[in-house]
């Protein structure tokens, strides 16, 4: 059987795309074996905006753009060799300078897969350089404390699903860490608190799946390194 048709049935059965079903462009691409799909927005559920303007399926997302999702919204899009699943209440901006290969998670949740070459991600708590990577990020910037209490420090969840990363926490750059993973081996919580002895603490895998990673990689004509493994728990 065509492996893309197999994947299409697998994703649909798993309910990755929610009760609304698979968006037309993604369904057609996977079923027909298009390799890769065209760039742009391939799924928009709820309030999805590009540079503050409402976006729809098929809208091209370019370097220099900012993508935001409202409550309950979700966006799946492709830029070059990279594919993104942006969850609700999130804002992500892309640098206009192609030489920097920079994206900024302003707030919220993002699952991403990247093609060859280096990328740089900034979040509230750290700067992350990545190579040949997939990652999942949940970023919560600093918040004002209730009733005049001390502010709640920024915190970031970061899972390097596979690939290599150079991670430098803003609160203590000396704790910079360079590492590689194969399959969600080293998820972290990054804290923006210089008073903490360790800015980075081990975490568990949460809120993202191998099914979603496989879908994103297929959109850009690739398979994740774990594809075909038996018994994945994610």
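The values are calculated or read from the model by the stated rules, or taken from the named source; none is laboratory data. Please read all numbers here as calculations on a predicted model, not as lab measurements. Quick reminder, even Gly has a Cβ in these numbers, built from the backbone with ideal geometry, and neighbours come from all protein chains shown.
Summary table below
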| item | result |
| --- | --- |
| Segment 202-228, residues that are within 17 Å of residue 87 (Cβ to Cβ) and part of a loop (DSSP other than H, G, I, E, B) | 205, 206, 207, 208, 209 |
| Failed item in (1) over 15 Å from the mean Cα position of the chain (by Cα); (2) under 15 Å from residue 92 (Cβ atoms); (3) modelled with pLDDT of 95 or more, with residue 176 passing the rest | (2) |
| Some residue of segment 162-169 being modelled with pLDDT of 95 or more, under 12 Å from the mean Cα position of the chain (by Cα) and buried (at least 18 other Cβ atoms within 10 Å of the Cβ) | no |
| Qualifying residue in segment 1-17 (condition: assigned to a loop (DSSP other than H, G, I, E, B) and modelled with pLDDT of 95 or more) | no |
| Whichever residue in segment 188-201 is assigned to a loop (DSSP other than H, G, I, E, B) and free of Cβ contacts under 8 Å to residues at least 40 places away in the same chain and, among such residues, is nearest to the chain's Cα centre (by Cα) | 198 |
| Residues of segment 38-47 satisfying the condition of being in a strand (DSSP E or B) and out of contact with any strand residue (DSSP E or B) (no Cβ under 6 Å at 6 or more places or on another chain) | 40 |
| Strands (runs of 3 or more DSSP E) wholly inside segment 101-161 that include at least 3 residues being farther than 18 Å from residue 173 by Cα, in contact with a strand residue (DSSP E or B) (Cβ under 9 Å, 6 or more places away or on another chain) and without any contact (Cβ under 8 Å) to a residue 24 or more places away in the chain | 102-113 |
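Each row is one residue, and each column tells you yes or no for (1) part of a loop (DSSP other than H, G, I, E, B); (2) surrounded by fewer than 22 Cβ atoms within 10 Å (Cβ to Cβ); (3) under 15 Å from the mean Cα position of the chain (by Cα).
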| position | (1), (2), (3) |
| --- | --- |
| 49 | no, yes, no |
| 56 | yes, yes, no |
| 60 | yes, yes, no |
| 64 | yes, yes, no |
| 68 | no, no, yes |
| 71 | yes, yes, no |
| 77 | no, no, yes |
| 85 | no, no, yes |
| 88 | yes, yes, yes |
